[in-house]
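First up is the structure itself, then whatever we jot down about it.
The values are calculated or read from the model by the stated rules, or taken from the named source; none is laboratory data. Because the structure is predicted, anything quoted here is derived from the model rather than measured. Cβ: placed from backbone, ideal geometry, glycine included. Neighbour counts: every protein chain shown.
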Amino acid sequence: MTWSAGYGTSVKCAENNSGLAVLRIPNIISGSIDLGKLKFGPPSYSEANEEMVNVGDLLVVRTNGSRSLIGRGAVVRDRPSRPLSFASYLIRLRLIPLPSILNWLAVLWDSSHVRRWIETKAATSAGQYNISLGVLQTLAVPLPPLDEQEAIVEAVDDQLSVIDHLETDIEAKLASAQALRQSILKHAFEGKLVPQDPNDEPASELLKRIAAEREARARALTAAKKATAKAKQSSKKSQAKVSKKKKQLAA
């Protein structure tokens, strides 16, 4: 199902460069290409048109410190909105650009079957997990009849759509809960949660009184410490005088 494969560029990229956009590991998210947080090559960096990321490319994370990220991939099923290259931390497998194959590989790549195989085959070195191009090319890809492929893809897409809807709903409810929490705290500090007694001491005056009481306690504590120290010093002097008199009488 692949007709070409290779590693990406090792050119140094930065957010403020003006060259060609380069896809990196953070741009491979949930089986898709995310164009947020792109970095760019220097102005002199370019690639031939046929080397640009295109429909039918499967981009795979080949090295990472996390076992769960190694081998994560994204199938490019739609033409990118801008010219894109890809970094050396990724491997590109160029698939036959038939919609049925692209849709099937997109579903299969995130399956437990492929995940187990990749994690078993991944090598480790200096705390990094690696999967090589040579190893990836030995992966046996199950290919059921076309009608079965389409039925599986449709079923998975339906379930993913439900999950996306639930995630959106949860995020909206979390945002609403956070806003409600902030509103409750605001009303609490403004004294609007319960009916207020006009005879109650204003909060500003209460805070001033608390501050004054703390200051008075601090002064009293300081005075008590000084009095204690003075008493100890006086006691030592009295003991010294008594000791001196005893010595004089003994003489």
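Miscellaneous remarks
- Hey, Q149 surrounded by 13 or more Cβ atoms within 10 Å (Cβ to Cβ), over 30 Å from K39 (Cβ atoms) and not assigned by TED's automatic domain parsing to the domain that holds G19 or not: yes
- Residues (under 16 Å from M1 (Cβ atoms) and either surrounded by 16 or more Cβ atoms within 10 Å (Cβ to Cβ) or within 32 Å of the chain's Cα centre (by Cα) (or both)) located in region 121-140: L133, L136, Q137, L139
- All conditions but one from (1) under 30 Å from L180 (Cα atoms); (2) in a helix (DSSP H, G or I) apply to D200; the one that does not is (2).
- Some residue of region 97-120 being under 27 Å from T9 (Cβ atoms), modelled with pLDDT of 90 or more and surrounded by fewer than 14 Cβ atoms within 10 Å (Cβ to Cβ): no
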